[in-house]
Amino acid sequence: SEDVLSKDAGECAICLEELQQGDTIARLPCLCIYHKGQVFLRVDIKFQKVALEGCIDEWFEVNRSCPEHPSD
């Protein structure tokens, strides 16, 4: 399901960027969360990095399981 992250939640296992408060996420049935939504670049001036968002959408184009729980 699609949701907006209410607090920072560590690292996205797909892109390895931080899941930050306010990010649009997908929460899978196993409760894992990943960046979700339209793919766009986010520039974070404070940390001087660029993140690609929409990770789980791209993952599901070629995979049908959770990246962290492939046997589920």
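The values are calculated or read from the model by the stated rules, or taken from the named source; none is laboratory data. Keep in mind that this is a model prediction, so the values were computed, not measured. Positions of Cβ are backbone-derived with ideal geometry, glycine not excepted, and every protein chain shown enters the neighbour counts. Heavy atoms of the whole protein, side chains included, go into the accessibility calculation; ligands, DNA and RNA do not. Shrake-Rupley method; radii C 1.70, N 1.55, O 1.52, S 1.80 Å.
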One residue is enough: does region 47-66 have a residue meeting the conditions open to solvent by 30 Å² or more (accessible area, probe 1.4 Å), at pLDDT below 75 and part of a loop (DSSP other than H, G, I, E, B)?
yes
Can you tell me which residue in region 20-46 is surrounded by the fewest Cβ atoms within 10 Å (Cβ to Cβ), limited to those that are of a type outside the set (D, E, K, R) and modelled with pLDDT under 85?
I45
Search result, residues across region 1-19 that are touching a helix residue (DSSP H, G or I) at 6+ places or on another chain (Cβ under 9 Å) and open to solvent by less than 30 Å² (accessible area, probe 1.4 Å)
C12
